[in-house]
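Contents: one structure, followed by commentary.
The values are calculated or read from the model by the stated rules, or taken from the named source; none is laboratory data. Keep in mind the model is a prediction, meaning the values are calculated, not measured. Positions of Cβ are generated from backbone atoms using ideal geometry, with glycine treated the same way; all protein chains shown enter the neighbour counts. What goes into the accessible areas is simple: the full protein's heavy atoms, side chains included, and nothing from ligands, DNA or RNA. Shrake-Rupley method; radii C 1.70, N 1.55, O 1.52, S 1.80 Å.
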Amino acid sequence: MLKGEDGRFVITEPIESAVNPFAFTLFFPVDSQGPLIPPEPYVLHGRYGSHLALSTVDPAWVAQRGWTRDEAQINLHVFSDVEMYSIIPAGRVAYLSGAQDCLLEFTPNNSPAEQLLLANIGPQAGDNSLGRRLDRGQIKPADWVWRLAEAGDLKIIQGNPLWGPRSVVY
């Protein structure tokens, strides 16, 4: 997402990227030699990513964690720990389409809770990181969403039956 001098926003055409579309300051398409540089007078405002649908996930992956179908959907619809470890330091708004009919937004706010989350998802957290605990089924996806909402500004831009209507997530 780009922002012009006049304050208007422009959305670029979706292009396939690496597994974590939020990993770099600039966008690196899969089939390109280098990053896409915003044309003048535009500046990078935010990033957009998407996740695979639940129907593409191995049911054993869900069962291994002891999750219900709704919990697995929540996990696939929300920003991952790896994505958040890129989004928070970048300090830019991030958008995620985890389902055809859902769009989430996360805006970092440099709060103490955000810094705590960052410390608990980084490599220094080791085996006790939130991502590893989530992956082992020790915390539920709804708990992860709560931590994101506590750490920054998490919003439902386009809701669906699972996430509810457009709103701020508290």
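What to note about this one:
- Selection of first residues in segment 136-153 that are farther than 16 Å from Glu83 by Cα and of second residues that are not in a helix (DSSP H, G or I), restricted to Cβ pairs under 7 Å at least 6 apart or on distinct chains, gives the following pairs, ordered by first then second residue: Gly137/Gly66; Gly137/Trp67.
- Count - residues of segment 16-46 that are open to solvent by 50 Å² or more (accessible area, probe 1.4 Å) and modelled with pLDDT of 70 or more: 8
- A count restricted to segment 104-149 and to residues that are of a type in the set (A, V, I, L, M, F, W, C) and touching a Phe, Trp or Tyr at 6+ places or on another chain (Cβ under 8 Å) stands at 8.
- Qualifying positions in segment 79-100 - out of contact with any strand residue (DSSP E or B) (no Cβ under 8 Å at 6 or more places or on another chain) and in a loop (DSSP other than H, G, I, E, B): Ser80, Gly91, Gln100
- Take the conditions (1) in a helix (DSSP H, G or I); (2) open to solvent by 20 Å² or more (accessible area, probe 1.4 Å); (3) under 20 Å from Asn20 (Cβ atoms); Leu103 misses just one of them, which is (1).
- Some residue of segment 50-67 being assigned to a helix (DSSP H, G or I), over 25 Å from Lys3 (Cα atoms) and in contact with a helix residue (DSSP H, G or I) (Cβ under 6 Å, 6 or more places away or on another chain): yes
- For segment 61-80, a residue qualifies if it is open to solvent by less than 40 Å² (accessible area, probe 1.4 Å) and free of Cβ contacts under 8 Å to residues at least 24 places away in the same chain, and exactly one does: Val62.
- Look at segment 42-56: where a residue is among the polar types (S, T, N, Q) and a partner is surrounded by 13 or more Cβ atoms within 10 Å (Cβ to Cβ), sitting 6+ places away or on another chain with Cβ atoms under 8 Å, you get Ser50/Pro21; Ser50/Leu96; Ser50/Ser97; Ser50/Gly98.
- Residues of segment 120-170 that turn out to be surrounded by fewer than 16 Cβ atoms within 10 Å (Cβ to Cβ), of a type in the set (Gly, Ala, Ser), assigned to a helix (DSSP H, G or I) and at pLDDT below 95, as a count: 1
- Residue match in segment 127-148 (condition: of a type in the set (Phe, Trp, Tyr), more than 20 Å from Leu44 (Cα to Cα) and under 13 Å from the mean Cα position of the chain (by Cα)): yes
- Residues of segment 66-106 that turn out to be charged (D, E, K, R) and over 25 Å from Gly152 (Cβ atoms), as a count: 1
- Any chance Gly152 is over 17 Å from Arg47 (Cβ atoms), within 15 Å of the chain's Cα centre (by Cα) and of a type in the set (Gly, Ala, Ser): no
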